[in-house]
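The values are calculated or read from the model by the stated rules, or taken from the named source; none is laboratory data. Bear in mind the structure is a predicted one, so any value in this text is a computation, not a measurement. Backbone-built Cβ (ideal geometry, glycine too); neighbour counts: all protein chains shown.
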Ligand code: ADP
């Protein structure tokens, strides 16, 4: 038995808050996975009051976990005020005792970047003047399958930036998790990591335990991003060997545990990281994201060909920003809907679906709340939800087919 949304919520139902309501009544969201849980509560009080409430919440979750034969390695309680602004965070559990130093603000702590770059290749050592800290283990060499606990690795790529590659990767990950899979998301876009914003990770601390990075558990998925290991205002300039080393370490030195899917958000284009990924991981297949315009298709075509050249199956193409539905229900094909589907046909690969331009999708990404894309109730929100779910189901289908081709599973014929 592991921690789940349901059993954590149930545990909080038994705790009285300072307002007379139980803590489940103050819950804005909860995410839980294995032995990790985090909750966001809208609860009034001073920082001291909130610290007490958080301790009560942790106590209840821990008692529930013990009764169910599991434990709590990490419990994070975040408190927001009426306006939704984060006012206080408390962290509990064994893992939170062994935190990484925060990025250097006072000039004393060594930034986690130093640890990450230690074995990122000679270039990194020459250009980075930090003293390494002993938090991370050296990268194991020559391991045939560095992620044996991960069933399927799905790479998400695009010919160029800005087409919504990270948006699609994140919503695929959340959608797969909503369908009951254990999902991880690796923000491999080391040049422009989006996940700290899109998953609201800004106020969470990076934790290293027994030499491995602990993924952030948010929105029902586990996530790791280089954006939490480097100072947010520094440009990310990687030479080839550094890019290779950074991606390798992020992938191998994160404690992913058992996963059904690991979704990897690749940098745009056809560069070093895709090559490293194809060399080091057994990738189930790639998803290529493209907007409908002809100029976008040309770049996406090159990305798809790159995957094929690297021996990675293209599981399909997603057309993002496909069309726009107005409040009046009228559909506007702003960029010329259908272009990516046409490209998929020409490539001979499946079309996984179209995602409409939706204001709430952009807003939810900016505020780090991707699960809200699956709960819309207005016309545009319902359309988005339906299209995202369709895309996720199609991907699941293609993964199953790819598995059959690899001989993992075989179709059975029942005659009655
Ligand atoms: P990429 O990873 O390709 O660079 P992003 O996923 O970061 O692109 O998306 C770029 C911007 O466009 C983000 O602000 C994102 O919220 C927005 N965006 C992406 N897809 C959509 C969509 N279908 N509707 C509205 N906004 C979108």
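Quick notes on this structure:
- Among residues of region 186-215, those that are under 19 Å from residue 384 (Cβ atoms) and buried (at least 24 other Cβ atoms within 10 Å of the Cβ), counted: 2
Yes/no per residue for (1) at pLDDT 95 or above; (2) surrounded by 14 or more Cβ atoms within 10 Å (Cβ to Cβ):
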site	(1), (2)
286	yes, yes
307	no, yes
316	yes, yes
327	no, no
335	no, yes
342	no, yes
355	yes, yes
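- Any hit, region 391-407, residues being within 16 Å of the ligand (Cβ to nearest atom) and at pLDDT 95 or above: yes
- Residue identified as near the ligand (Cβ under 10 Å from one of its atoms), in the same structural domain as residue 381 (by TED's automatic domain parsing) and out of contact with any strand residue (DSSP E or B) (no Cβ under 8 Å at 6 or more places or on another chain) among 322, 360: 360
- With respect to the conditions (1) within 16 Å of the ligand (Cβ to nearest atom); (2) surrounded by fewer than 24 Cβ atoms within 10 Å (Cβ to Cβ), residue 181 lacks only one, and its number is (1).
- Filter pass, residue 368 being more than 16 Å from residue 394 (Cβ to Cβ) and either touching a residue at least 24 places away in the same chain (Cβ under 8 Å) or surrounded by fewer than 21 Cβ atoms within 10 Å (Cβ to Cβ) (or both): yes
- Within region 305-314, the set of residues being touching a residue at least 60 places away in the same chain (Cβ under 8 Å) and over 17 Å from residue 272 (Cβ atoms) comprises just one member, 313.
- Checking each residue in region 144-160 for being more than 19 Å from residue 302 (Cβ to Cβ) and either in a loop (DSSP other than H, G, I, E, B) or within 14 Å of the ligand (Cβ to nearest atom) (or both) picks out 144, 145, 146, 147, 148, 149.
- Conditions (1) over 27 Å from residue 383 (Cβ atoms); (2) in contact with a strand residue (DSSP E or B) (Cβ under 7 Å, 6 or more places away or on another chain); (3) in a helix (DSSP H, G or I): number failed by residue 301: (2)
- Scope region 161-178; condition within 10 Å of the ligand (Cβ to nearest atom) and touching a strand residue (DSSP E or B) at 6+ places or on another chain (Cβ under 9 Å); matching residues: 163, 164, 165, 166, 167, 168, 169, 170, 171
- Which numbered condition residue 220 fails, given (1) more than 15 Å from the ligand (Cβ to nearest atom); (2) on the phi < 0 side of the Ramachandran plot; (3) crowded, with 22+ Cβ neighbours inside 10 Å: (2)
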